[in-house]
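The block underneath contains the structure these notes are about, expressed in structure tokens.
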Amino acid sequence: MSTPDRMLSILDLFRDDTTAAFQEDVMAHLDCSRATAYRYLKSLTESGLLAPTAGGAYVLGSRIIELDRHLRQHDPLMRAAREVMRATGDELNANLMLCSYYGDKVMCVDRYWTDHSIESSYARGRPFPMFRGATAKPILANLPPYQLRNLMLWHASEIREAGLGEDWDAFRANLKQLRAAGVCVSHGEVDPGLMGIGSAIFTPDQKVVGSLVFIAAQARTPPARLALLRERIQAAAAQVTQNLQGLQDNGAAAIGIMPSRPRRQKAPAGATPARRGKA
């Protein structure tokens, strides 16, 4: 891991159960000296990504807020989806989530909520695993083979627990079915009593970049309503994909959307991560 990568990985210390990070946390996280931890924390503080507080603690800095505002205003995926979500949600009185991914996690980047009697744990900015729910599976099903092989290598137990396959062949076959269907429907995989109906979104060069998902109450979604939502989510996701192409044609930064590789974790002894190529 390069020096910039090591320094930026300090941000991984900030999770839902973490209010602050200390120099000792950085030393343990990076297995580094006190002097190195201090140097990294100083650089992150000067950039505004961290801010020192009382007792030697560090919290996220104001630069994060500035970057979030910029993201909300200018992110190509959010721009491409915003009007589609509003129009579709209002017409069907339905809740929608826009999801993206980085590494091996899926994240809600935007929501349009019309039915406030439904509340999902998918708050904006909260990361979730790649293997559960209609938010994640449309993305997973459209990743290239070398990424899927590496996910199987590093997350085999999670894949088995999610019912996606006991081995590579079963995993690949299940994802092929999901990909062919074009729409994924999940029942209570993230929140009990809720269902997700999701479809993948693609960049102009046909790389999966996210998913668009209806969130509905299972008890209030009869078969006819589900059939309608399945049809409409696929059409809405296709419209977002088309809008991304339009943004790029007009000179916007849509071309900058590049799907991330799965986050590398320690592989089993003797295992070799997959390379680009045929599955």
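The values are calculated or read from the model by the stated rules, or taken from the named source; none is laboratory data. This one's a predicted model, so the numbers in the text were calculated from it and none came from an experiment. Don't worry about glycine lacking a Cβ; one is built from the backbone with ideal geometry, like all the others, and counts go over all protein chains shown.
In the list 68, 17, which residue meets the criterion of being modelled with pLDDT under 95 and not in a helix (DSSP H, G or I)? Just one listed residue meets the conditions, 17. Here 123, 94 are screened, and the one residue that is at pLDDT 90 or above, among the aliphatic types (A, V, I, L, M) and either buried (at least 21 other Cβ atoms within 10 Å of the Cβ) or closer than 19 Å to residue 188 by Cβ (or both) is 94. Whether a residue is of a type in the set (S, T, N, Q) and touching a His at 6+ places or on another chain (Cβ under 9 Å) was assessed, and residue 33 does not pass this test.
How about the range 109-143: which of its residues are part of a strand (DSSP E or B) and among the aliphatic types (A, V, I, L, M)? Listed by number, the list holds a single entry, 109. For the range 73-80, does any single residue satisfy the condition of being touching a residue at least 24 places away in the same chain (Cβ under 8 Å) and either loosely packed, with under 11 Cβ neighbours inside 10 Å or not in a helix (DSSP H, G or I) (or both)? Within the range 73-80, one or more residues are touching a residue at least 24 places away in the same chain (Cβ under 8 Å) and either loosely packed, with under 11 Cβ neighbours inside 10 Å or not in a helix (DSSP H, G or I) (or both). Figure legend. Inter-residue proximity from the range 47-64: first residues over 14 Å from residue 37 (Cα atoms) and without any contact (Cβ under 8 Å) to a residue 24 or more places away in the chain, second residues acidic (Asp, Glu) and assigned to a strand (DSSP E or B), beta-carbon distance below 9 Å, spacing 6+ or different chains. No pairs are indicated. The number of residues in the range 184-240 that are assigned to a loop (DSSP other than H, G, I, E, B) and in contact with a strand residue (DSSP E or B) (Cβ under 9 Å, 6 or more places away or on another chain) comes to 7. Residue 159 fulfils the conditions (1) aliphatic (A, V, I, L, M); (2) more than 18 Å from residue 237 (Cβ to Cβ); (3) in contact (Cβ under 8 Å) with a residue 60 or more places away in the chain; (4) not in a loop (DSSP other than H, G, I, E, B) except for a single criterion, (3).
For the list (1) in contact with a His (Cβ under 6 Å, 6 or more places away or on another chain); (2) part of a helix (DSSP H, G or I), I need the number of the one condition that residue 178 fails. The single condition residue 178 does not satisfy is (1).
Residue count for the range 20-65 under the criterion of being touching a strand residue (DSSP E or B) at 6+ places or on another chain (Cβ under 9 Å), under 30 Å from residue 110 (Cβ atoms) and outside any helix (DSSP H, G or I): the result is 9. Per the listing 7, 27, the residue uniquely surrounded by 15 or more Cβ atoms within 10 Å (Cβ to Cβ) and under 23 Å from the mean Cα position of the chain (by Cα) is 7.
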